[in-house]
Amino acid sequence: MTTSSDFDYSTAQSIPEIWPRLAQRADVADVVAVQDPHSQPPMTLTYRELYEQMRWFAAGLQAMGIRAGDHVALFADNSPRWLIADQGIMTAGAADAVRGTQADRSELLFILEHSDSVALVVQDQATLKKLGAEIDRLPLRFIVLLSDETPTATHSAKILNFSQLIELGRSQPLQPAPRTRQDLATLMYTSGTSGQPKGVMLSHGNLLSQVENIPAVAQPLPGERVLSILPIWHSYERSFEYFIFSRGCTQIYTNIRYVKQDLKNFQPYYMVSVPRIWESVYEGVQKTFRDQPLSKQKLIDRFFKISQRYVCARRVVQNLNLSNLHPSAIDRIVATIQMIVLWPLHKLGDRIVYGKVRAATGGQLKFIVSGGGSIADYLEDFYEIVGIPILGGYGLTETSPVTHVRRPWRNLRGADGQPIPHTETKIVDVETRHPLPPGQRGVVLLRGQQIMQGYYKNPEATAKAIDRDGWFDSGDLGLVTEQDDLVITGRAKDTIVLSNGENIEPQPIENACLRSPYIDQIMLVGQDERSLGALIVPNIEALKVWAIEQGTELSEDGQTGLTLSSPQVQELFKRELLREVKNRPGYRGDDRIGVFRILTEPFTMENGMMTQTLKIRRQVVMERYRDMIDEMFA
């Protein structure tokens, strides 16, 4: 039986030291390490094969002149070859500066120059063409395509494709490139939601802290399947992949188009993503429910209401109700009685409804992990009811990224988890910076092995982010419970201050509004105004169903039915906003949304209004709709 001690990396000095250990293990070497069913052709590599290609890639880089301490830019998206390139670069002794191909051309060129990269690895010729002739003014020794395309572009630097570099590496001995935990492993440029990207310097020790400390939360076994959908270059996905690879798991790449199909086909045990993905899965299930006969819809709705009461009572009994962490004896007795009474109906609902939901996700999920933003309460409730545990977590690129994560045995919904080992948390007053006791909200400071080395070539920003005692200022607002659970309540710079001086954290209210089936996306506005306002992206499909129920239809011109600006539609959204906001725990009068506008264009990565981890870029949206917002409050 495999145990935690079988995967001891305490003596490792760099991330590349993981791979030879795995390739030499009898129970791991021939396990499929990585699988990409949607590449052309589909690609599958065992741990032995993966390590072999990493070594060849590294030797090829060394043959082209890469030496220890060099920086190499890596601009590519999810694929086994990204992993080979990433670890090949580190094995050669260099550090990589990573970004996805969907980033703006200007951002990629900025990273390429700012990172002092001496070579460039790109996904394909299309990405290279996107960069244009400007790269010729940079001191690049060579360029590598991760595709097998015959290089046709003309640049001052020599160009090789993936196979050519591998063949070169196969004919060259790999030169040892000893690294220490203090050495730079990667530069990760924060896209953020505004401003110029900063190069976060993560060391091998920073990344190894994730490999070594996340087992305190979970210990997956060799061969257990993990489905991956987030950008591989992003800190959250990247560190999680290093962790699951260090345990000998099988990584399978998917995407938005295939994720529902791949959940069924590959039956993963684990999956990590951002809240927006779990919203998408939830919306798909809700659409399936809406397609059922009316009588069955009512039955399903009844089961969910009963199970909602059951899981809420269970949280009280287990001391996992965030709003009542210290229930009285009477509270516990009442909750216990509710559980006993409701349990048979909850189990019936599981047999008739919830089991089918789990089957649609493959039926094998031990848990899913949500990070990169707050997950709405209604999603927490839904997944708990259907029996798919969500472990919420917290961290930033600057923290490698995981600092906190909920445990399977202490899954406090609404919280962001307890710290992983060797991580300290301190909450300080926004103004005075004095430490605050448990339960009081302030700025979240963090200290531990995962805190970055600093921002590359930006000592001023580094000094502002990390104080003399090593505390990193997250910029987030939150509190800690007496049991050391972190609860993030908002982003300091996202706080909306109304003209009456009230501070409003937008995300909890936005999450509440997203419960409405007619709201697909929402962003609150109202800085220095008398009340809150909202920009809303509607769920058009749900609106069409609603219009039919009203005896009409939804159209663009309004000649044959209702439009988004029709009084009936506006009144619908007004009611939805009022109901969902008032039903939110802790509701107060200032939370009310006074005015809103319905948008015809969604927030997407393509139009620049969302980051690649699907967070709304608030400042970008504010600028795009500045005139509309001003008109709302005129």
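The values are calculated or read from the model by the stated rules, or taken from the named source; none is laboratory data. Note that the structure is a prediction, hence the values are computed from the model and not measured. Positions of Cβ are backbone-derived with ideal geometry, glycine not excepted, and every protein chain shown enters the neighbour counts. Accessible surface is based on the protein model in full, side chains and every heavy atom, while ligands, DNA and RNA are left aside. Shrake-Rupley method; radii C 1.70, N 1.55, O 1.52, S 1.80 Å.
Here are a few things to note about the model shown:
- Filtered by the rule that a residue be assigned to a helix (DSSP H, G or I) and open to solvent by 30 Å² or more (accessible area, probe 1.4 Å), segment 70-86 gives a lone residue, Arg81.
- All positions within segment 45-78 that are within 24 Å of Phe110 (Cα to Cα) and among the small types (Gly, Ala, Ser): Gly65, Ala68, Gly69, Ala73, Ala76
- Test: residue in segment 599-608 that is at pLDDT 90 or above, part of a helix (DSSP H, G or I), of a type outside the set (Lys, Arg) and under 18 Å from Gln521 (Cβ atoms): no
- Just one of the listed residues (Lys129, Lys198) is open to solvent by 30 Å² or more (accessible area, probe 1.4 Å) and either in contact with a strand residue (DSSP E or B) (Cβ under 7 Å, 6 or more places away or on another chain) or under 15 Å from Asp70 (Cβ atoms) (or both), and it is Lys198.
- Selection within segment 444-472 - among the hydrophobic types (A, V, I, L, M, F, W, C) and under 21 Å from His404 (Cβ atoms): Val444, Leu445, Leu446, Ile451, Met452, Ala465, Ile466, Trp471, Phe472
- For segment 559-597, a residue qualifies if it is hydrophobic (A, V, I, L, M, F, W, C) and either open to solvent by 30 Å² or more (accessible area, probe 1.4 Å) or in a helix (DSSP H, G or I) (or both), and the qualifying residues are Leu564, Val569, Leu572, Phe573, Leu577, Leu578, Val581, Val595.
Residues are listed down the side, and each one gets a yes or a no for (1) out of contact with any His (no Cβ under 7 Å at 6 or more places or on another chain); (2) of a type in the set (Asp, Glu); (3) free of Cβ contacts under 8 Å to residues at least 40 places away in the same chain:
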position: Glu113; (1), (2), (3): yes, yes, yes
position: Ser117; (1), (2), (3): no, no, no
position: Lys130; (1), (2), (3): yes, no, yes
position: Leu138; (1), (2), (3): yes, no, yes
position: Arg141; (1), (2), (3): yes, no, no
position: Asp148; (1), (2), (3): yes, yes, yes
position: His155; (1), (2), (3): yes, no, yes
position: Ile159; (1), (2), (3): yes, no, yes
position: Leu174; (1), (2), (3): yes, no, no
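- Single residue of segment 465-491 satisfying the filter (closer than 18 Å to Leu412 by Cα and of a type in the set (S, T, N, Q)) that is least open to solvent (accessible area, probe 1.4 Å): Thr481
- Residue in segment 515-528 that is over 26 Å from the mean Cα position of the chain (by Cα) and either open to solvent by 40 Å² or more (accessible area, probe 1.4 Å) or at pLDDT below 90 (or both) present: yes
- Residue match in segment 369-382 (condition: crowded, with 19+ Cβ neighbours inside 10 Å and out of contact with any helix residue (DSSP H, G or I) (no Cβ under 8 Å at 6 or more places or on another chain)): yes
- Residues satisfying the stated conditions in segment 492-504, i.e. open to solvent by less than 20 Å² (accessible area, probe 1.4 Å) and either out of contact with any Lys or Arg (no Cβ under 7 Å at 6 or more places or on another chain) or small (Gly, Ala, Ser) (or both): Ile496, Ile504
- Being free of Cβ contacts under 8 Å to residues at least 24 places away in the same chain and either out of contact with any Asp or Glu (no Cβ under 9 Å at 6 or more places or on another chain) or open to solvent by less than 20 Å² (accessible area, probe 1.4 Å) (or both) is not true of Asp183.
- The number of residues in segment 580-594 that are basic (Lys, Arg) and within 13 Å of Ser323 (Cβ to Cβ) comes to 1.
- Selected residue (criterion: surrounded by the fewest Cβ atoms within 10 Å (Cβ to Cβ)) from residues of segment 598-614 that are of a type in the set (A, V, I, L, M, F, W, C) and over 26 Å from Val569 (Cβ atoms): Met605
- Among the residues of segment 30-50, the ones that are open to solvent by less than 50 Å² (accessible area, probe 1.4 Å) and under 22 Å from Pro176 (Cβ atoms) come to 2 in all.
- Verdict on Glu505 being over 18 Å from Gly372 (Cα atoms) and acidic (Asp, Glu): no
- Every test in (1) surrounded by fewer than 19 Cβ atoms within 10 Å (Cβ to Cβ); (2) more than 23 Å from Gly586 (Cα to Cα); (3) touching a helix residue (DSSP H, G or I) at 6+ places or on another chain (Cβ under 7 Å) is passed by Ala359 save one, and that test is (3).
- Evaluating Asp6 against the criteria (1) surrounded by fewer than 21 Cβ atoms within 10 Å (Cβ to Cβ); (2) part of a loop (DSSP other than H, G, I, E, B) leaves one unmet condition, (2).
- Residue in segment 348-368 that is closer than 29 Å to Ile252 by Cα, out of contact with any strand residue (DSSP E or B) (no Cβ under 8 Å at 6 or more places or on another chain) and basic (Lys, Arg) present: yes
- If only residues of segment 609-630 that are part of a loop (DSSP other than H, G, I, E, B) and among the basic types (Lys, Arg) are counted, the one that is farthest from Pro517 (Cα to Cα) is Arg617.
- Residues within segment 411-432 that are surrounded by 13 or more Cβ atoms within 10 Å (Cβ to Cβ) and assigned to a loop (DSSP other than H, G, I, E, B), tallied: 12
- When residues of segment 300-340 are limited to those that are surrounded by 14 or more Cβ atoms within 10 Å (Cβ to Cβ), free of Cβ contacts under 8 Å to residues at least 24 places away in the same chain and of a type in the set (A, V, I, L, M), the one farthest from Val386 (Cα to Cα): Val334
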